[in-house]
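The values are calculated or read from the model by the stated rules, or taken from the named source; none is laboratory data. Computed from a predicted structure; not experimentally measured. Cβ placement follows ideal geometry from the backbone for every residue including glycine, while neighbour counts extend to all protein chains displayed.
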Amino acid sequence: MLFGIPWDLSSEWAFAVSIFPILLRGLVVTLQATALGFVIALLLGLVLAVLRSLPLKIVSWPVAVFIEFIRDTPLLVQLYFLYFVLPNFGIVLPAFLTGAIALGLQYSAYTSEVYRAGLEAVPKGQWEGALALNMPTWLTYRDVIVPQAIPRVVPALGNYLVSMLKDTPLLSAVTVLEMLEVATIIGDRTFRYLTPLTMVGGLFLVLTLVAAWLVRFTEAKLPKGGIPLK
């Protein structure tokens, strides 16, 4: 008896075992969406950070407006726009790809600010030394500035990785069968919500703990002065 409702522990254990393989399929989708979205956020965020730091206002200002717009609008709105509005312009994307792009686009605005802070934290002497050597701007970023900025931004980027992982349930709004959506479907069909939702909560807890540990491990392994140049 649980809260006045008949509850058989052995039956729930058997039910949990039977649905676990199905939840694992949703877990795979969750991990794939997080991984692809995070890669997009890392790459696009770096591009936005570099463009925003350029002295040309005709470039930096529109980028700054774009970043603020993405940061100040909900992920769900952006997700709906990509999935339901873009087809009106002839752009039709699969639901999974749409979700991953929406995650990456939303978090690229945040990672760009993390990158910008990391780039600005590099001592000015490094910029001046590269200028004295007459290094091109792109080469200065690639070989001098970015390698030194990476160790400074890893903790903040790791926090956004965990946040993105916990935002993947929103993808169910465009029919992506991620882990929580799978658990909800199981509950709808069996009228037993406690076990699948509890299992999903436990799996998310394990995933976030593992992700946080990986971030701390990476941070500890990276040299504090920057990644050595070859």
> Can you find a residue in the stretch 198-208 that is loosely packed, with under 15 Cβ neighbours inside 10 Å, within 17 Å of the chain's Cα centre (by Cα) and under 30 Å from V144 (Cα atoms)?
Replying inline: no
> What about L103, is it within 29 Å of F217 (Cα to Cα) and touching a helix residue (DSSP H, G or I) at 6+ places or on another chain (Cβ under 9 Å)?
Replying inline: yes
> Is there any pair linking a residue in the stretch 40-57 that is free of Cβ contacts under 8 Å to residues at least 12 places away in the same chain to one that is surrounded by fewer than 17 Cβ atoms within 10 Å (Cβ to Cβ) and in a helix (DSSP H, G or I), with Cβ under 9 Å and at least six apart or on different chains, and which?
Replying inline: L54/S60; L54/T137
>> Residues to consider are R25, R52; find the one that is among the charged types (D, E, K, R), buried (at least 16 other Cβ atoms within 10 Å of the Cβ) and either assigned to a helix (DSSP H, G or I) or at pLDDT 95 or above (or both).
In response: R52
> For V176, all conditions in the list (1) loosely packed, with under 13 Cβ neighbours inside 10 Å; (2) outside any helix (DSSP H, G or I); (3) not acidic (D, E) hold save one; what is the number of the exception?
Replying inline: (1)
>> I'd like the residue in the stretch 138-156 that is under 14 Å from A49 (Cα atoms) and of a type outside the set (K, R) and, out of all such residues, is surrounded by the fewest Cβ atoms within 10 Å (Cβ to Cβ).
In response: W138
> Looking at (1) over 30 Å from T30 (Cα atoms); (2) buried (at least 20 other Cβ atoms within 10 Å of the Cβ); (3) not β-branched (V, I, T), which is the only condition N134 fails?
Replying inline: (2)
>> among the acidic types (D, E), over 23 Å from the mean Cα position of the chain (by Cα) and at pLDDT below 90: which single residue out of D188, D143 fits that description?
In response: D143
